[in-house]
Amino acid sequence: MKLATQVKIVWCPGCGNFGILKAFKDAAAELAEVVDLRRMVLVSGVGCHGKIADYLALSSFHTIHGRVPAMLAGIKLANPELIAVGFAGDGDAYNEGLVHLIHAAKKNIDATLIVHDNAVYGLTTGQATATSARGFRGRSTPEGNPEEPLNPVALMLASGASFVARGYAGDASHLKEIIKEAILHRGFAFIDVLQPCVTFNNTWKLYREKVRKMKDTPESIDEAMKLARAEDEIRVGILYREERSTYEDEMRIEPRDADVNALLERMK
Amino acid sequence: MDFGFRISGMAGDGVKGAGLVAAKLFSRLGYHVFVHVEYQSLIRGGHNAAIVRVSRKKVRCHEEKGDLLIALQDYVIPMHRVYVKHVLYDSSKFSLEEGYALPMSEFAKQAKAPPVFRNASALGALCYLYGIDVEVLNGIYRDAYGEKAEKDIVLAEMGYRYAEEHFEQIRKIGRVGEARALLDGNQAAGLGALRAGLRCYYAYPMTPSSSLLHFLAARKRELGITVVQPENEIAAAVMAIGSAFAGARVMVGTSGGGFALMQEAFSLAGMAEVPVLFLESQRGGPSTGLPTWHAQQDLRFVLHAGHGEFPRIVASPGDVEDTFYLAGDLLNLAWRYQTPAVLLMDRYLSESAATAEIDVEKVKEEPPLLYRGEAADYRRYLITDSGISPLAFPPEVVLKATGNEHDELGFTTDDAEVSATMYEKRMRKIGGIVEELKQRQAVRIFGEGEDVVFTWGSSTGATVEAAQKLGGIKVVQVRYLSPFPTWEIERLSIERAACVECNYTGQLASLLKEHACIEAELITRYDGRPFTASELVPKLREVFG
């Protein structure tokens, strides 16, 4: 199955999104040997990342800002045979739609969410998001961002996500492995992908210095939390995974033809 | 024969439940009943009332005047005394100089039942007062609670026997026909949508829509429907769009405040051409307003909901049966035209139970336009004369949907020509919807005359009854509000016009002016209370002389 589309890619040269697109394409190509990609449905939010739906020849819904996790849940509740993969931005997932993210993790919807976390609003030309560093000078924070950044991985561990990972757009082959594992995971698989924005928040240098691949997945959630919050280095890899029943397992009712006449009879 | 009674107490006294059981006593004997429930936004204390009307004829509204008040608290009596001839009260709790003294709480104690079971003894006494065999009441309890009905039955009989010894009968009620189904507007909406193939229901709790969430959740396995209460209203709307995109028929339930939160998603459904049925049950606004009281203030809001322009189908039912049929029709139309639809309900319609004769077979799942070509050639937004592009779903095809302007394949575009062509394709669907509505009943007409009263939603009930009392007046219930059925309005012969609705500005009246140059005298109220026929008679007389 050909994954590229006719659409011309319009991300800035050097954008971290290219690494994420490549990692996803490679992951999908490898997964095609074990899953039918026609069953895959992508959902993307609003922001530079959202254009990814146009660059992949798979079913997709380019939805509204912040609501990717809710749409993934709706798709899975309607047809659990579909493989739901979401793409969101940091402004999308951690600002506008944070409530949906937390609840998707808590519910354990069977979907993967890949967050293109460049710690800035790119498409709206450079404002601070929930993951922007304290002191970040954006166009709406000319005196520096007064807020501490959110730690998305720690947040997801605390919210009950059953698969939590951090990836790096600068290491597409490592990210590909994480994405594959995430898609094969039954339950909510969350990947925060560190992604430089060459135009408004160029973090390539920082990440080259600080990103370090983890060898193994930590044994416990406490250990995972410690690594998620470590400041000396930025650990990338799968921090946590557990098996538990999904939201669709619990909530989805197999459709049947309702006998409305019988019900009305009982309302007499 | 047309009479009524009411039950009142505080929240927690089981007033609504008792009112529904009492109403069933009569509907099982073949009478038409209507149950109006008043309650406040609190869990314990305050004032609740169930006002029951019984008639040989179809009734679509309550009446304040009645035979009897069953008083479960003393402080509620002054609010109701003026409307009733007799009071039946819990003499174990307080004493009155008049009325039927029934030691309800004492009976509950004797039966070793929790205090709220005292209602069963009151309903037993009610049976005697209306000359109804207490077995009818016992049967209702048995059907509702099975073996757990024992205490209710014991108390019902204690109440009946006590009344037999101490009270005088008010009326003698016999069977007049077969048992009738008793359901409220919310339940009818759920059942109508189910007949049209509803598969998922998404709702965040909000009065007066919540009871449908409860009704469907309790029966989801029997009905084969997924029922979800998500994290908020935005999630409810977006989940619904996701489910419909994946091929499932969906409905979202809310009230005005919740629908306000769904605006961006509503617009997305319009742009991405995803069929979603929204149930918006109005309550008193603005803002939190009168959260448990009635209003019809959201008509203009719903007609203009969502940013940008896109086709929408909006309809408002006038009674329980009408709700069933319209819910089914709207879900079918949403799928045929791949656009959002709104079933615009109101608190009085949603939460009042009434006897209804529903022809279930009249609503069926009507198939949408489906794609039958090669998967590789599929174009989700194929330009067509009707504006309708054939539907297909993954995994059969690669399906690309988006809230951005797009080309036929569903890829984002900002090309001027493609944008205009796609915009026109979507808007062309309105023409098809208009032709479709011409085949359906876009308005309901009651009575004859050139003095015409327009109304919508649950105001229809009281308006029709008041007009019948006066005679020579035609009532027009506007069922479909978008597209507005100008063709139906223009064919009316009108001497004088009035418009009855529960809002301040006269929102339907303004539509009549906008679409058909009709100047209608406004009869409005905005105090959270629905109209009754008795109140409307003098108001209509004032307009028509």
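All of the numbers you see were taken from the coordinates with simple rules; none came from a lab. Given the structure is predicted, the values throughout are model-derived calculations rather than measurements. Neighbour counts are summed over all protein chains in view; Cβ atoms, including those assigned to glycine, are modelled from backbone coordinates with ideal geometry.
Between B:E448 and B:K362, what is the label-to-label distance in nm when each label sits 7 Å out along the Cα-to-Cβ direction?
2.3 nm
Per residue of B:219-225, how many C-beta atoms from partner chains lie within 10 Å of its own C-beta, taken as a mean? Write out the running numbers ahead of the final one.
On the way: counts 2, 3, 3, 6, 8, 7, 4.
Going residue by residue through B:219-225 and averaging, the value is 5.
Could you work out Rg/(2.2 N^0.38 Å) for the protein assembly as shown, with Rg from alpha carbons only? Walk me through the numbers on the way to the answer.
Working: Rg = 30.1 Å, N = 813, 2.2 N^0.38 = 28.1 Å.
Rg over 2.2 N^0.38 Å, computed on Cα atoms: 1.07.
Please list, in order along the stretch B:148-156, the HN-Hα scalar couplings obtained from phi with the Karplus expression 6.51 cos²θ - 1.76 cosθ + 1.60 (θ = phi - 60°), rounded to whole Hz, x for Gly and Pro.
Calculated HN-Hα couplings, in order: 6, 7, 3, 5, 4, 5, 4, 5, 4 Hz.
Just in the stretch B:28-98: which GluC sites (Glu not before Pro) are loop by DSSP and have at most 14 other Cβ atoms within 10 Å? Each step should come with its number before you reach the end.
Details: sites: B:E38, B:E63, B:E64, B:E97, B:E98; in loops: B:E63, B:E64, B:E97, B:E98.
Passing sites in the stretch B:28-98 are B:E97, B:E98.
For peptide A:44-56, what's the mean number of Cβ atoms from other chains within 10 Å of each residue's Cβ?
Working: counts 1, 0, 2, 0, 0, 0, 4, 3, 0, 7, 9, 1, 2.
Counting other chains' Cβ atoms within 10 Å and averaging over A:44-56 gives 2.
Place the peptides B:490-497, B:29-36 in order of packing, highest mean first, counting for every residue the other Cβ atoms within 10 Å and averaging per peptide. Provide the component values of the computation, followed by the final result.
Numbers: B:490-497: 13.9, B:29-36: 23.2.
The packing order, highest mean first, is B:29-36, B:490-497.
With everything on Cα atoms, drop me the angle between helix A:68-78 and the longest principal axis of chain A, reported from 0 to 90° to the nearest 10.
20 degrees
Over 21 Å between Cα atoms, which of A:K22/A:K76; A:K107/B:K400; A:K176/A:K215 qualify?
Values: A:K22/A:K76 25 Å; A:K107/B:K400 27 Å; A:K176/A:K215 16 Å.
Flagged as over cut-off: A:K22/A:K76; A:K107/B:K400.
Do any GluC sites (Glu not before Pro) in the stretch A:1-88 lie in a DSSP loop with no more than 11 other beta carbon atoms within 10 Å, and if so, which?
Values: sites: A:E30, A:E33, A:E81; in loops: A:E33, A:E81.
Here the GluC sites (Glu not before Pro) that fit, given the DSSP loop and packing criteria, are A:E33, A:E81.
Calculate the FRET efficiency for B:K172 and B:A217 from the Cβ-Cβ distance with a Förster distance of 51 Å, rounded to the nearest 0.05.
Details: r = 41 Å, r/R0 = 0.81.
That gives a FRET efficiency of 0.80.
Starting at the first residue of the stretch B:275-282, write each ³J(HN,Hα) from the Karplus equation 6.51 cos²θ - 1.76 cosθ + 1.60 with θ = phi - 60°, in whole Hz, x for Gly and Pro.
Residue by residue, the stretch B:275-282 yields x, 9, 9, 9, 9, 10, 9, 6 Hz.
Within the stretch B:343-368, find all residues whose amide N lies under 11 Å from a label point positioned 7 Å from the Cα of B:K58 along Cα-to-beta-carbon.
Backbone N within reach: B:356-359.
What ranking, highest mean first, results for peptides B:103-112, B:423-432, A:36-45 when packing means the other Cβ atoms within 10 Å averaged over each residue?
Numbers: B:103-112: 18.7, B:423-432: 16.8, A:36-45: 22.7.
Packing order, densest peptide first, comes out as A:36-45, B:103-112, B:423-432.
Which whole number gives the average count of other chain Cβ atoms within 10 Å of the Cβ atoms across peptide B:172-183? Intermediate values should be presented prior to the final figure.
Details: counts 0, 0, 0, 0, 0, 0, 1, 3, 2, 7, 3, 4.
For peptide B:172-183, the averaged partner shielding equals 2.
Round to a whole angstrom and tell me the spacing of the C-alpha centers of the stretch B:118-170 and the stretch A:160-223.
The stretch B:118-170 and the stretch A:160-223 have Cα centres spaced 68 Å from each other.
By average Cβ neighbour count within 10 Å, what is the ranking of A:207-215, B:238-246, A:158-166 from highest down?
On the way: A:207-215: 13.3, B:238-246: 30.7, A:158-166: 23.8.
Going by the mean number of other Cβ atoms within 10 Å, highest first, we get B:238-246, A:158-166, A:207-215.
Would you list, by chain and number, the lysines whose Cα falls below 23 Å from the Cα of B:K438, excluding same-chain residues fewer than 8 positions away?
Correct list for B:K438: B:K362, B:K364, B:K425, B:K429, B:K474, B:K513.
Which of the GluC sites (Glu not before Pro) found in the stretch B:161-242 are loop residues per DSSP with 14 or fewer other Cβ atoms within 10 Å of their Cβ?
Values: sites: B:E164, B:E165, B:E168, B:E178, B:E222, B:E231, B:E233; in loops: B:E168, B:E178, B:E231.
Counting only loop positions with at most 14 other Cβ atoms within 10 Å, the GluC sites (Glu not before Pro) in the stretch B:161-242 are B:E168, B:E178.
So how much slack lies between B:L42 and B:M79, counting 0.36 nm per residue of separation and subtracting their Cα-Cα distance, in nm? Before the final figure, lay out each step's value.
Working: separation 37, 0.36 × 37 = 13.32 nm, distance 1.85 nm.
Taking 0.36 nm per residue and subtracting the Cα distance, the gain is 11.5 nm.
Taking a virtual spin label 7 Å from the Cα of B:W487 along the C-beta vector, which residues in the stretch B:414-440 bring their backbone nitrogen under 18 Å of it?
Only B:428-440 pass the distance filter.
Can you give the FRET efficiency for A:A133 and A:E30, using 1/(1 + (r/R0)^6), R0 = 30 Å, r = Cβ-Cβ distance, to the nearest 0.05?
Details: r = 35 Å, r/R0 = 1.16.
So, using R0 = 30 Å, E works out to roughly 0.30.
Would you pull out the residues with amide H under 5 Å of B:M10's amide H, same chain only if 5 or more places away, H placed 1.01 Å from N?
Result for B:M10 returns B:N48.
How much of the pair distance distribution for the stretch B:477-545 lies past 14 Å, counting alpha-carbon pairs only, in percent? Walk me through the numbers before you get to the answer.
Working: 1447 of 2346 pairs.
I get 62 percent for the Cα pairs in the stretch B:477-545 exceeding 14 Å.
Could you give the nm distance between label points at A:D259 and B:Y145, where each point is 7 Å from its Cα heading toward the beta carbon?
2.7 nm
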